[in-house]
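Notes follow the structure.
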Amino acid sequence: MDPSIMAWKDKRKVMHRYDVTAEIYDERYAEEQKRKYKKALENSDLSAISVLDAGCGSGLFLGQIKVKTKTLVGIDISHKALLKAKEQIRNTENSYIIQADIDNLPFKQNTFEKVFGFTVLHNLPKPVKTLNELKRVVTVDGKVVVTGLKKAFQLDKFLDILETSGFEVTGFVDDESLNCYVATLTAKHLHINYLTSVSV
């Protein structure tokens, strides 16, 4: 079978799973997600910049940062999750949600100054392809922040995926209180600045 057809079938399963759980997702995972957001936002200034939340789900993160950005866009493959996200940004200027495939984003190159991808890479058939697409839409000096679910990625495997995608890891959090690694990435060559010690 054509690999692209297989990949789309996998994505349709993910879409269905999040459509089914959209109503209970926040109740079940909000506290864990908020801990990730807090780590991801350390040393981040989102004022007067354009931000993409790639895989925004029910919009928890959108709701948290909506008043801090110049332009805010959330994309997700799940229609029902996006209905919840729409509630999070209601009556907020320059905030938008779009149903889209994260591997084929409907944006030009260098559109966003900051891109976030929380709890999304483990749902995708080719994480390196996904990271390359995020790299395409981030500005040259921009940052991409992604998480890697620990039960889906061993640390060395996750770091290998990040390196293979052509990003430089400029910040990395491996905190015992989180079920994910949090990585800050840039396409430019910068020194690695670990935000907390990484246990290997």
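The values are calculated or read from the model by the stated rules, or taken from the named source; none is laboratory data. These figures come from a predicted structure and were not determined experimentally. Positions of Cβ are backbone-derived with ideal geometry, glycine not excepted, and every protein chain shown enters the neighbour counts. To get the accessible areas, we keep the full protein, side chains included, count just its heavy atoms, and leave off ligands, DNA and RNA. Shrake-Rupley method; radii C 1.70, N 1.55, O 1.52, S 1.80 Å.
Distance from the Cα centre of segment 159-177 to that of segment 64-109, in angstrom? Computed from Cα coordinates, the inter-centre distance equals 25 Å. Estimated from the Cβ-Cβ distance and a Förster radius of 22 angstrom, the FRET efficiency linking ALA30 and ASP175 is about 0.80. Roughly to the nearest percent, how much of the accessible area of segment 52-100 is carbon and sulfur, given a 1.4 Å probe? The computed percentage sits at 46. Computed from backbone phi with θ = phi - 60° and the Karplus coefficients 6.51, -1.76 and 1.60, the 3J(HN,Hα) list for segment 108-114 is 6, 4, 6, 8, 10, 7, 9 Hz; x is used for glycine and proline. Residue separation of SER47 and GLN154 scaled by 0.36 nm, minus their Cα-Cα distance, works out to 35.1 nm of gained length. Here the Karplus curve 6.51 cos²θ - 1.76 cosθ + 1.60, taken at θ = phi - 60°, turns the phi angles of segment 50-57 into couplings of 9, 10, 10, 9, 8, x, 6, x Hz, with x standing for Gly and Pro. Close amide H partners of THR71, meaning residues 5 or more places away or on another chain with modelled amide H under 5 Å apart, are ILE49, SER50, VAL51.
Straight-line cross-link partners of LYS38 among the lysines, defined as a Cα under 23 Å from its Cα and at least 8 positions apart when in the same chain: LYS66, LYS68, LYS70, LYS84, LYS86, LYS114, LYS135, LYS143, LYS150, LYS151. When nucleic acids and ligands are ignored and a 1.4 Å probe is applied, GLU87 ends up with an accessible area of around 100 Å².
Database remark: amide H of ALA100 closer than 5 angstrom to the amide H of ASP76, ILE77 (H placed geometrically; neighbours at sequence offset of 5 or more, or on other chains; Pro and chain starts carry no H). Residues in segment 147-152 carry Karplus couplings, in order, of 10, x, 5, 5, 6, 9 Hz; the curve used is 6.51 cos²θ - 1.76 cosθ + 1.60 with θ = phi - 60°, and Gly or Pro positions show x.
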